[in-house]
Amino acid sequence: TQYEFILTDKPADGVALITLNRPKALNALSSPLFKELNAALARFDEDDTVGAMVITGSERAFAAGADIKEMKDKTYADVYSNKFIENWGEIARLRKPVIAAVSGYALGGGCELALMCDIILASPTATFGQPEISIGVIPGGGGTQRLARVIGKSRTMELTLTGRNVSADEAAAWGMVSRVVPPEEGTVVEAAVKLAGTIASKSRIAVQAGKDAVNAAYEGTLAEGLVTERRIFHGLFATQDQKEGMAAFAEKRKPVWKHQ
Ligand code: HXC
């Protein structure tokens, strides 16, 4: 499939890579770009040769936000009746894990896009922030909600109400990103592809179950989450991969996954 605003690739076994590609606009997330991103993610989610996906941008910008030039003349009726940015939520409904490999600016909608992913890896140059307040609005792609769950109320309030940026190290200290990839480990994209490859080498059905269970921690109560986890865990005993994984351990050999 040919896309205009993104590049797609399969850089390693089981791994799909999507590169946001509007470099001159610092990967501003226009509606056409987001439509292509959703289409590519949906296609890889269905692709049996893919076990995990990576989204990245350029070295200078993961994404500098929603496209301000596209938004600036919209009316309330436009955004409400067209459900503006509602399709952004599709990323959070994918079965397979999505890793954000962030270099440079991840601002506004760019920060929110990273937060919708399952894992965030940052380069030392990564800069996160929700600068919407400085253009007369607030985050609309989940920033206030996802950040509050990840870094807490006080920090989320500060970022949302001042628009100040956060460095990669600060984001790591706050638990917003898994880690900052040091230069000697290569680029953040290389590290993300390697991580995605590790995930893709596991039982797909167990990976999907793990993702579902962790996501349950962000909904409802702890008691409900614990029940959900246990039910999903119990359910895995109906899979061939549970039999294979445990038999392989007992027989001191590598498992051969059936992904079912
Ligand atoms: C449209 C953008 C853009 C954006 C950058 N550009 N960000 N275009 N929407 N979000 C364009 C610039 O207009 C410029 O185009 C080119 O990219 C390069 O940007 P510069 O500003 O010249 O680069 P620099 O001076 O290095 O500054 C980088 C920057 C700045 C600090 C990231 O671009 C910036 O502040 N961008 C806006 C960040 C922002 O407010 N994001 C939140 C958007 S609101 P030209 O044509 O002049 O070369 C949002 C709402 C989310 O995301 C809620 C809905 C999901």
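The values are calculated or read from the model by the stated rules, or taken from the named source; none is laboratory data. Fair warning: this is a prediction, and the values are worked out from it, not measured in the lab. As a convention, Cβ positions derive from the backbone with ideal geometry for all residues, glycine included, and neighbour counts pool all protein chains shown. These area figures cover heavy atoms from the full protein model, side chains too; ligands, DNA and RNA do not enter into them. Shrake-Rupley method; radii C 1.70, N 1.55, O 1.52, S 1.80 Å.
A few comments on the model shown:
- Members of region 62-90 that are in contact with a Gly (Cβ under 9 Å, 6 or more places away or on another chain), over 14 Å from Ser30 (Cβ atoms) and of a type in the set (Gly, Ala, Ser): Gly89
- Restricting region 6-31 to residues that are away from the ligand (no atom under 16 Å from the Cβ) and in a loop (DSSP other than H, G, I, E, B), the residue that is least open to solvent (accessible area, probe 1.4 Å): Gly14
- Unmet requirement for Thr49, which otherwise passes all of (1) within 16 Å of the ligand (Cβ to nearest atom); (2) open to solvent by 10 Å² or more (accessible area, probe 1.4 Å): (1)
- Contact map, region 32-56: residues that are in a loop (DSSP other than H, G, I, E, B) paired with residues that are among the acidic types (Asp, Glu), Cβ distance under 9 Å, separation 6+ or inter-chain. Pairs shown: Thr49/Asp13; Gly51/Asp13.
- A single member of Val214, Val207, Val181 is closer than 30 Å to Val102 by Cα, in contact with a strand residue (DSSP E or B) (Cβ under 6 Å, 6 or more places away or on another chain) and not acidic (Asp, Glu), and it is Val181.
- Inside region 4-30, residues that are without any contact (Cβ under 8 Å) to a residue 40 or more places away in the chain, in contact with a strand residue (DSSP E or B) (Cβ under 9 Å, 6 or more places away or on another chain) and farther than 20 Å from Leu121 by Cβ make up a count of 3.
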